[in-house]
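Bear in mind that the values in this text are calculations on the coordinates, not laboratory data. Computed from a predicted structure; not experimentally measured. All Cβ positions, glycine included, derive from the backbone under ideal geometry; neighbour counts span all protein chains shown.
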Amino acid sequence: FFFQAEDGIRDAQESRGLGDVYKRQVHGDAAFKDLYPELANAFGIPVEKVNPFMGQQMMDNLLVDYMADKPLKIAYKSDLWKKLYMLYNIMMIYSPYASEEQQNLFTTKLYADILKYITAAQKGSPLKWVTYSAHDTTLNLVIAQLKVTGWSCLLSNYLEGRYDYFYGCPFVSLFSSSIILEVHSDDKGAWFLRFFYEDKQYAVAGLGDIPLEKFKEIVAASAVANFDEACLGPPTPTNNGGIPTWKIATLTILGVAVLGLAGVVGYLVYSLKKRDSERERLA
């Protein structure tokens, strides 16, 4: 299984929910507060306006400028760049989500799909390769839910002055990051998986070779049981009661078409009556 993160930049998102919990912890940490004056000086803004969410946006801008060969407000891979990038990575795991359940909604169907293909392989499917394209935030969730990386590990590295990309736990996805999940079976018929992130193998639950049943146990812990209701909510007068979106769109198009046709017919009738009235007047 191969996952590829897009290289887009998201618009700014409002601070809320689960992201707030972690952002408040990061904001209250003395190590990051010491970073704020340096960032304020580099970007020419008042220090009291600097916060973790703004730091995330600063890094987004720097990465875009770097890829576009534009002048950088912070020297590439300088100590300040590395510190800000660490803050950016901590924020990226949690800030886009309102709750833990919302995090799990983003990966429930993905894991179910992966397990479907693994089951097919066990039954002799000739399929050898499956590719998924996903947002970088989805890859971030996968490596966090599988405990390959995490907030506490990244913050611990920051406090110890360790800014290397692969020190103990990797950073979250860079542009065009990838995950490879290899599926194997041994000569005894036992199935297991190997997890690679950015071409480097990582242990999942402390295991390099992850037994299939253990992998199922891990992903089940982050699965949302009633996915459709959790996404849509129970039928109410204010939602569509579970009607598929394509049906709503079809009905809307048909309604517009009927109204348009009625307008055309009305105009033709009006034109004919007007023409007959003009003939009578001339006669």
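Report, in listed order, any pair from Lys147/Lys188; Lys109/Lys214; Lys82/Lys216; Lys77/Lys147 with a Cα-Cα distance greater than 24 Å.
In this structure, Lys147/Lys188; Lys82/Lys216; Lys77/Lys147 exceed 24 Å between Cα atoms.
Under a point-charge model restricted to the Cβ atoms of Lys and Arg (+1) and Asp and Glu (-1), what is the dipole moment magnitude of the stretch 38-118 relative to its Cα centre, in debye to the nearest 20?
160 debye
Which value does Rg/Rh take for the stretch 45-100 over its C-alpha atoms, Rh per Kirkwood?
Over the Cα atoms of the stretch 45-100, Rg/Rh equals 1.01.
Rg over Rh of the stretch 121-166, using C-alpha atoms and the Kirkwood radius, what does it come to?
Expressed as Rg/Rh, it is 1.22.
Work out, step by step, the length gained on full extension between Ile218 and Glu182: first 0.36 nm times the residue separation, then minus their alpha carbon distance; give nm to one decimal.
Going from the current span to full extension adds 11.3 nm.
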